[in-house]
Structure formats: C-alpha cells, structure tokens
Amino acid sequence: MNFNESSHKKILGILFIAFSALGLLGLVFYDFFMDFVLNLAAMDNDPMSPEALWIFDFIDSILWAIAILFLIPKIVIGFGLVNGRRWAMMPALVYGIIGIISFPVGTLIGIYSILIYTAKPREEDDFERRTN
C-alpha cells in the first residue's frame, strides 16, 4: 500500500474532522446531561452544598479546556488536509501521535497518521521521477 498518495491525507483529514466533531458532540451531550441531573437533584428538596457543585463546574471546565486544546484544532487540521494544505501536515502528525493514547479509535488514527507521514516513496515512483 502506497501511503504517499494524497488520498490518504484526505482520508486522515476526514477522520480528524469526524471523530473530533463526535467528541465535541459528546461533550455537549455531557453538559446537557449533567445540567439535567443537577436540576433533578435540586428539585428533590435535598439541595447540594455549594462545595459539591464546584466540583462539577471544575470537571466541566477541564473537559472544555481539553476540547479547545485538542478537538477544535484537529477539526481545523482536518479541513487543511482535505484541501491539500501543506501547513496541515506537521500538526496532523503531532496530533496523530498525541491521539495514540485515546484507545482504540485514536490509537488507530494515530498509527495511520504515522504511517502516512513517515512513508518513504516506493522505488518505482522514485525511479520514474529520476527518469523524467
């Protein structure tokens, strides 16, 4: 399989866009779900102490910070890869390597990005370039 083809970079861009968008949708769902649960707890006439509520806000802030640092840039990089922009190549490799820790889908996408960006040209392609 020749990983030097531009179609692989477009596929990687689509994967970056799709799974980052799913991550953002999951985070929005988490926000709505936690608001719903906290509102149910407040209606139960057993008010939660303010000391306990800040923990939920803190966790929510951490999750949105992770989204801003990782998911939103991956969407931008994905659009760059789909459109064939050269500036998107190095960040795609970096975010692919970082994404390896996100098992199992992130690991597969990370390995795929490493294969794409570390692939050497095939000897036939190299020979054709030298002869033309």
Proximal lysines relative to Lys120, as straight alpha-carbon distance under 23 Å, when same-chain residues fewer than 8 apart are discounted: Lys9, Lys10
Cα gyration tensor, the chain - rounded (a/c under 1.5), prolate or oblate: prolate
Normalised contact order of the chain, rounded percent, pairs of Cα under 8 Å and 6 or more residues apart: 37
Sum of -39500 (n - 2.57) over DSSP H runs of 4+, divided by residues of the chain (222 nm, nearest 500): -25000 deg cm²/dmol
Ordering of 77-85, 34-42 by packing [mean C-beta count within 10 Å, highest first]: 77-85, 34-42
Share of carbon and sulfur in the accessible heavy-atom surface of the chain [1.4 Å probe, %]: 70
Dipole of region 1-93, positive direction: furthest Cα of Ile14, Phe58, Asn4, with charges on the beta-carbon: Asn4
Ser102 long-range amide H proximity, modeled H, under 5 Å: Thr107
Amide N proximity, region 104-121 versus Val94 label position 7 Å along Cα-to-Cβ, cut-off under 15 Å: none
Accessible solvent surface per residue of region 6-119, calculated while the other protein chains remain in place, 1.4 angstrom probe, Å²: 65
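The values are calculated or read from the model by the stated rules, or taken from the named source; none is laboratory data. Everything numeric in this text was worked out from a predicted model, so none of it was measured. Glycine also receives a Cβ, built like all others from the backbone with ideal geometry; neighbour counts cover every protein chain displayed. Just the protein is used for accessible areas: all its heavy atoms, side chains included, with ligands, DNA and RNA removed. Shrake-Rupley method; radii C 1.70, N 1.55, O 1.52, S 1.80 Å.
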